[in-house]
Amino acid sequence: DKKDLFHYPVTAEVAPDYNDIIKTPMSFFDIRERLSAHKYISLDQFEGDIKLIWKNSMTYNKPDTMYFKIAQKLEKLAKELMEQ
């Protein structure tokens, strides 16, 4: 389901080689956990984790995949929102 994209950490069942390729996984679930635990000291840290979601998706997935294309669009939208 597209609405769940990037929400939960990628599992070995979904992508067995993911952790071989992506050394610093990140998802919105992880970000929400960090927010709840007050782990972010600066907005830059929060922004860095958001950017890491897109970077990881575009690193792991090929450019012609839905995952890559959606990450690319969300990266652009997030950048515009954070600049405001």
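When restricted to residues that are surrounded by 14 or more Cβ atoms within 10 Å (Cβ to Cβ) and among the β-branched types (V, I, T), the range 41-84 contains 3.
Restricting to the range 10-37, and then to whatever is part of a loop (DSSP other than H, G, I, E, B) and under 9 Å from the mean Cα position of the chain (by Cα), can you tell me which residue is surrounded by the most Cβ atoms within 10 Å (Cβ to Cβ)? Result: M26.
Each residue in the range 38-84 was checked for being closer than 17 Å to Y18 by Cα, β-branched (V, I, T) and assigned to a helix (DSSP H, G or I), and 2 of them qualify. Applying a threshold of 6 Å to beta carbon distances and a minimum spacing of six or more residues, or different chains, the list of pairs starting in the range 59-84 at a residue that is in contact (Cβ under 8 Å) with a residue 12 or more places away in the chain and aromatic (F, W, Y) and ending at one that is open to solvent by less than 80 Å² (accessible area, probe 1.4 Å) and not in a helix (DSSP H, G or I) reads Y60/I22; Y67/N61.
The values are calculated or read from the model by the stated rules, or taken from the named source; none is laboratory data. Predicted model, so just to flag it, every value in this text is computed and none were measured. Heads up, the Cβs are rebuilt from the backbone with ideal geometry, glycines too, and the neighbour counts pull from every protein chain shown. Ligands, DNA and RNA are excluded from the accessible area calculation, which covers all protein heavy atoms including side chains. Shrake-Rupley method; radii C 1.70, N 1.55, O 1.52, S 1.80 Å.
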